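A short write-up of the structure that comes next.
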Amino acid sequence: MSPLPRALAVLLSVCLPAVAQAEPVFFTNVGDFYRSLGGAMFPESGTSLAMPCTESPRHCIWVTSMHQALRRYDPPLWTTPGDLPMTPPKGVLDVAFDGQTLMVGTRRWPLSRAVNLASPPWRSETPIDPENLTAVTAWQRGTSVCLDMHYSSSGTAVRYTAVLVLHGERLYTLPPLFATCAAVREAPHDGFSYPSNTYLGAEQEHPRTGLQVDYVLSDGKTRIARYLLRFADQGNPYRFEATRGE
């Protein structure tokens, strides 16, 4: 067996042992399901970012330190959260996101050049307005960085999260449906995999009956695992049984 198929076989053998059994496993939120898989690329707690804004003209930016904000914009007057430090505490990621660019230290990765792994209906070249976000959390592992960005939304819109992954000097945008940095998994040859989720019964039935979770490598093509989440209550994605798919 060649190295890549052998490595993929090892990866699949450790993914969600309980769900791999014949009996379904019950969960009460998608985050617990992702964490149960093991092998997370970002297993630790993330760091919450704050959003200072310039007074005039108004620009807002999500940061872990005021130093990053001043590096991006230079107006003298700012509105800042009271607990935002000038420099990030020791061990805290020095990161910023202005809606168009991810900044780590002094390096910049424009969103317009990111590898967009979402399906065509979810791809957009429009910058993100920082003021449309209610929370941004950053994770780091080695040189890899991940950002969870939650929009100000309600209803079914809360199921969609903007997630950026910086890995191997490339920036990736993940599919937004039930996206989270907690779902990003290690893969062979210093790669990663991510969930590409689609509703079950989305066209034929209403309300939706479940979720198909396809784990795909960062090439955007190679599926390495599939899980089927069956909602206990139709239309409620937060109580479900999970089984391994074909």
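The values are calculated or read from the model by the stated rules, or taken from the named source; none is laboratory data. Note that the structure is a prediction, hence the values are computed from the model and not measured. In this analysis, Cβ positions are derived from the backbone assuming ideal geometry, glycine residues included, and neighbour counts consider all displayed protein chains.
Observations, loosely collected:
- Only listed residue being in contact with a Gly (Cβ under 7 Å, 6 or more places away or on another chain) and at pLDDT 95 or above, chosen from ARG208, ARG226, ARG170: ARG226
- SER119 being assigned by TED's automatic domain parsing to the domain that holds THR80, closer than 27 Å to GLN234 by Cβ, among the hydroxyl-bearing types (Ser, Thr, Tyr) and in contact with a Pro (Cβ under 7 Å, 6 or more places away or on another chain): yes
- Residue within region 94-112 that is assigned to a loop (DSSP other than H, G, I, E, B), assigned by TED's automatic domain parsing to the domain that holds THR47, out of contact with any Pro (no Cβ under 8 Å at 6 or more places or on another chain) and under 26 Å from ASN197 (Cα atoms) present: no
- Out of ALA182, ALA162, ALA232, ALA225, sole residue that is part of a helix (DSSP H, G or I) and either free of Cβ contacts under 8 Å to residues at least 40 places away in the same chain or not hydroxyl-bearing (Ser, Thr, Tyr) (or both): ALA182
- In region 157-208, the residues that are closer than 22 Å to ARG239 by Cβ, hydrophobic (A, V, I, L, M, F, W, C) and over 14 Å from the mean Cα position of the chain (by Cα): ALA157, LEU200, ALA202
- Across region 90-106, the number of residues qualifying as of a type in the set (Ser, Thr, Tyr) and under 14 Å from PRO127 (Cβ atoms) comes to 1.
- With respect to the stated conditions, GLU125 fails to be among the acidic types (Asp, Glu) and closer than 21 Å to ARG71 by Cα.
- Pick from region 209-222, criterion not in a strand (DSSP E or B) and not charged (D, E, K, R), ranking: nearest to HIS167 (Cα to Cα): SER218
- When we screen GLU55, GLU131 for residues that are touching a residue at least 60 places away in the same chain (Cβ under 8 Å), surrounded by fewer than 17 Cβ atoms within 10 Å (Cβ to Cβ) and either assigned by TED's automatic domain parsing to the domain that holds ALA157 or not β-branched (Val, Ile, Thr) (or both), the only hit is GLU131.
- Condition check for TYR199: surrounded by 14 or more Cβ atoms within 10 Å (Cβ to Cβ) and free of Cβ contacts under 8 Å to residues at least 60 places away in the same chain: yes
- Scan of region 150-173 for residues that are out of contact with any Pro (no Cβ under 9 Å at 6 or more places or on another chain) and either of a type in the set (A, V, I, L, M, F, W, C) or outside the structural domain of VAL63 (by TED's automatic domain parsing) (or both), ordered by number: ALA157, VAL158, LEU164, VAL165, LEU166
- Taken over region 185-241, the residue count meeting the criterion of being of a type in the set (Asp, Glu) and under 24 Å from VAL115 (Cβ atoms) is 4.
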